[in-house]
Amino acid sequence: TYNPLLGVACVGEAEAWIFGENETITRIDIHGAVKDTVNTTSQPSGISVTRGRELSYCDIRTVNIVRDGKTETLITTPHGWTPWRLSCTRSGDILVHVYKGSGPQTKNKIIRYQGPNIKEEISNDGRGNPIFKDGGYSLFMSENNNGDVCVSDLNAYTVTVVDKTGSVRFRYDGTPARRDKSFYPRVIVTDSLSQIIVTDENCLHILDQNGQFLRCVDDCGLDRPVGLSVDSEGRLWVGLRKSGEIKVIEYLQNM
């Protein structure tokens, strides 16, 4: 395991890739046994798994894919833009969060790639206003079954959902949950029911595809969840940053 743990990406029903603050990515099974290890040339900033169950990860300037035990460069981001997080979609595209600049001047956008080619960019609404807040580079995203791109924007403490036309459908700021602490969204996933699940400081918020708050998962001892993935059985794998622990939650049975 990794301590701190920084990310989790499920492979099928009982395995997941995980990474931390070093130059390796490890595949483990549901019992914690190590099944495979990939060595990288720098610390990865994000990982995901393609619909063909291949590992992909962000490097300093590229998005790489591991095929048959060999690492290939799949995407080179535009000059000046650094890849930070990525999400492989059910449609086969790859969403990559890229940023440029530093400090308060940091700019963020999401690029949709089809293979190595840019298919679209998500950065401004139809009126030219930026969709995401400047200042840091913490965007996490997941494509829903209806084609919406669901983004947690830590700079704005908000989940923003953008439809296929690039228009903002809705934003969620955690208010319906009525929790004592501020909303601190990080990793976000969508499931087979088109529900949107996003990590907070010590819980998970679950929304329907239209932004309606459904419930919080806050009874599982989730301290600083920073990894989140859904396996093929519909279970959530939640990685905890400080402890390096991964909890597997059968949340659908309790809906």
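The values are calculated or read from the model by the stated rules, or taken from the named source; none is laboratory data. Note that the coordinates shown come from a computational prediction; the quantities given were computed from them, not determined experimentally. So basically every Cβ, Gly included, is an ideal-geometry build from the backbone, and we count neighbours across all protein chains shown. The accessibility values were calculated without ligands, DNA or RNA, using every heavy atom of the protein model including side chains. Shrake-Rupley method; radii C 1.70, N 1.55, O 1.52, S 1.80 Å.
Does any residue of the stretch 81-93 turn out to be in contact (Cβ under 8 Å) with a residue 12 or more places away in the chain, open to solvent by 20 Å² or more (accessible area, probe 1.4 Å) and of a type in the set (A, V, I, L, M)? No, the stretch 81-93 contains no residue that is in contact (Cβ under 8 Å) with a residue 12 or more places away in the chain, open to solvent by 20 Å² or more (accessible area, probe 1.4 Å) and of a type in the set (A, V, I, L, M).
Out of 226, 230, I need the residue that is among the β-branched types (Val, Ile, Thr), more than 21 Å from residue 170 (Cβ to Cβ) and out of contact with any Gly (no Cβ under 9 Å at 6 or more places or on another chain). Which one?
Working: 226 fails: out of contact with any Gly (no Cβ under 9 Å at 6 or more places or on another chain).
One residue alone meets the criteria, 230.
Listed conditions (1) over 30 Å from residue 122 (Cα atoms); (2) under 19 Å from the mean Cα position of the chain (by Cα) are all met by residue 68, apart from (2).
Might you check whether a residue that is more than 20 Å from residue 121 (Cα to Cα), in contact with a Leu (Cβ under 8 Å, 6 or more places away or on another chain) and surrounded by fewer than 17 Cβ atoms within 10 Å (Cβ to Cβ) occurs anywhere in the stretch 170-188? Scanning the stretch 170-188, I find at least one residue that is more than 20 Å from residue 121 (Cα to Cα), in contact with a Leu (Cβ under 8 Å, 6 or more places away or on another chain) and surrounded by fewer than 17 Cβ atoms within 10 Å (Cβ to Cβ), so the answer is yes. Residues that are hydrophobic (A, V, I, L, M, F, W, C) and closer than 18 Å to residue 225 by Cα were ranked within the stretch 189-208; the one that is most open to solvent (accessible area, probe 1.4 Å) is 189. Scan the stretch 229-255 for residues that are open to solvent by 10 Å² or more (accessible area, probe 1.4 Å) and either of a type in the set (Gly, Ala, Ser) or not in a loop (DSSP other than H, G, I, E, B) (or both) and jot them down. Matches in the stretch 229-255: 229, 230, 232, 234, 243, 246, 247, 248, 249, 252, 253, 254.
So that you can scan it fast, the table gives a plain yes or no per residue for (1) touching a Leu at 6+ places or on another chain (Cβ under 7 Å); (2) under 21 Å from residue 198 (Cβ atoms):
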{"position": "95", "(1), (2)": "yes, yes"}
{"position": "100", "(1), (2)": "no, no"}
{"position": "120", "(1), (2)": "no, no"}
{"position": "127", "(1), (2)": "no, no"}
{"position": "133", "(1), (2)": "no, yes"}
{"position": "137", "(1), (2)": "no, yes"}
{"position": "140", "(1), (2)": "no, yes"}
{"position": "143", "(1), (2)": "yes, yes"}
{"position": "151", "(1), (2)": "yes, yes"}
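Between 226, 238, the distinction of being of a type in the set (A, V, I, L, M, F, W, C) and modelled with pLDDT of 95 or more belongs to 238 only.
Only one of the numbered conditions (1) more than 30 Å from residue 65 (Cα to Cα); (2) within 17 Å of the chain's Cα centre (by Cα); (3) aliphatic (A, V, I, L, M) is not met by residue 189, and that is (1). For the stretch 54-72, filtered to residues that are open to solvent by 70 Å² or more (accessible area, probe 1.4 Å) and of a type in the set (D, E, K, R), the residue that is farthest from residue 15 (Cα to Cα) is 61.
Just to verify a result, which residue in the stretch 152-169, among those that are among the charged types (D, E, K, R) and open to solvent by 20 Å² or more (accessible area, probe 1.4 Å), is modelled with the lowest pLDDT?
Going residue by residue through the stretch 152-169, those that are among the charged types (D, E, K, R) are 153, 163-164, 169.
Within this subset, residues satisfying the condition of being open to solvent by 20 Å² or more (accessible area, probe 1.4 Å) are 163-164, 169.
Numbers: 163: 95, 164: 91, 169: 96.
The qualifying residue modelled with the lowest pLDDT is 164.
With respect to being polar (S, T, N, Q) and modelled with pLDDT under 95, residue 56 falls outside the description.
Can you pull out the residues in the stretch 3-40 that are without any contact (Cβ under 8 Å) to a residue 12 or more places away in the chain and out of contact with any strand residue (DSSP E or B) (no Cβ under 7 Å at 6 or more places or on another chain)?
Our first condition is that a residue be without any contact (Cβ under 8 Å) to a residue 12 or more places away in the chain; within the stretch 3-40, this holds for 31, 33-34, 36.
The answer is 31, 33.
If you go through the stretch 209-227 and pick out every residue that is free of Cβ contacts under 8 Å to residues at least 40 places away in the same chain and open to solvent by less than 10 Å² (accessible area, probe 1.4 Å), you end up with 3. Checked against the criterion of being closer than 25 Å to residue 248 by Cα, under 19 Å from the mean Cα position of the chain (by Cα), at pLDDT below 95 and not small (Gly, Ala, Ser), the candidates 85, 61, 27, 90 yield just one match: 90.
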